[in-house]
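One structure is given here, and the rest of the page talks about it.
What follows is calculated from the coordinates using simple rules that are stated; it is not laboratory data. Note that this is a predicted model, so its numbers are computed, not measured. Virtual Cβ from ideal backbone geometry, glycine too; neighbours counted across all protein chains shown.
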Amino acid sequence: MAHDLGKLLRRNLRYIVVIVATLVCVTLATQTTLEDVFEEIKSLNELAKTTQSKINGLEKDHLDLKYQYRNKLKTIDGQKVHNRSLSLQILKQEDALEILAESIAEVDLIESAITPLMARMIEGLEQLIKLDKPFLLEERTERVAALDELMSRFDVEDSEKFAQVLNAYEIEMEYGRTMDVTTAELQLPDGESQNVNILRVGRIALVYQTLQGDETGWWNPDDGEWQRLPNRYNTPIKNGIKMANKQLTSGLFQVPIIAPPEEEN
C-alpha cells in the first residue's frame, strides 16, 4: 500500500514540474514578474518536501509492520513447538495417573493385610525373646510391649507402625552379629546371688564370670538354666570380656557350645 502511494505521489510530482514549466511560460507570456514565479516555485518545493516526508513515514511504517509480521510468525512457530511438547507431557501424565490409580488400589489391598501381618510379627518377636538366651530381657520385653501399645493407637499411620516393627527386628538381628558385656546380679548355680559380668557372643553363647574372675558359667539352652563351667574357661572368657570392653584387640577365645546331634546313617 505504501509503495502504491509512493508511486502516485512521484507521478504527481512530475505533473507539478510540468505545471511549473507551464507557469513559467504563462508568466513570460503575461508579463508576470519573476518574484511571483519564484514564490510559486517555493510553494511547490515546500509541498514536495512535505509529500516526500509523508512517503518516507509511510515506507517506515510499512517496514515496521513487515518486521512485526515476521516476528509474529516466529512466535507462532515457537508456540506450535511448545504446544506439541505440552501434548506429550499431558499424555505421559495421563499414563502416570493410570499407574497411580492402580497403585492406590493395591495400597488399599495391602493396608487391609498389613495390620494382621504386624500382629503376627510382634507375636513372633515375643516368642523369639522367650525361646532365646536370657540377655537384655527387660529392654527387649519393653520394646515388644511398646509395639503392642503402638498398634492400638489410631493417631499413628500404618506405615510408621510397620517401620517400628521392622526396626525391632533389625535390632534383634544385630544381636546375632555383635558381642557385648553387661554387669548384673545373677543367681549362681550354687544358689548364691552375686554381681557378675555377663558376656554375650552373638547368639552363639551367653556366659558369666564373677568379678574376681574365679568362677565362670554359661546358659545351657537345652536345660534352660545357668551352669558352672570348668576353670579352664576362666582365662578365655576373661579375654572375651576384655575384647567386648575394647580393652583387648580382637582375637579368638573359647566358648562352650552344644554340638549338633550326629545324623543317623
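Residues are listed down the side, and each one gets a yes or a no for (1) touching a helix residue (DSSP H, G or I) at 6+ places or on another chain (Cβ under 9 Å); (2) within 30 Å of ALA119 (Cα to Cα); (3) of a type in the set (A, V, I, L, M, F, W, C):
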| site | (1), (2), (3) |
| --- | --- |
| ILE171 | yes, yes, yes |
| GLY213 | yes, no, no |
| ASN231 | no, no, no |
| PRO236 | no, no, no |
| ALA244 | no, no, yes |
| SER250 | yes, no, no |
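For the residues ASP190, ASP158, ASP180, the requirement of being in contact (Cβ under 8 Å) with a residue 40 or more places away in the chain and in contact with a strand residue (DSSP E or B) (Cβ under 9 Å, 6 or more places away or on another chain) singles out ASP180. All of GLN187, GLN209 fail the test of being under 20 Å from ASN234 (Cα atoms) and loosely packed, with under 15 Cβ neighbours inside 10 Å, apart from GLN187.
Here GLY224 clears all of (1) under 14 Å from PRO134 (Cα atoms); (2) in contact (Cβ under 8 Å) with a residue 24 or more places away in the chain; (3) out of contact with any strand residue (DSSP E or B) (no Cβ under 6 Å at 6 or more places or on another chain) except the condition numbered (2). May I ask you to verify whether LYS242 is basic (Lys, Arg), part of a helix (DSSP H, G or I) and either touching an Asp or Glu at 6+ places or on another chain (Cβ under 9 Å) or within 20 Å of PRO189 (Cα to Cα) (or both)? It is false that LYS242 is basic (Lys, Arg), part of a helix (DSSP H, G or I) and either touching an Asp or Glu at 6+ places or on another chain (Cβ under 9 Å) or within 20 Å of PRO189 (Cα to Cα) (or both). Going through (1) loosely packed, with under 10 Cβ neighbours inside 10 Å; (2) acidic (Asp, Glu); (3) farther than 28 Å from ALA184 by Cβ one by one, GLU149 falls short only on (3).
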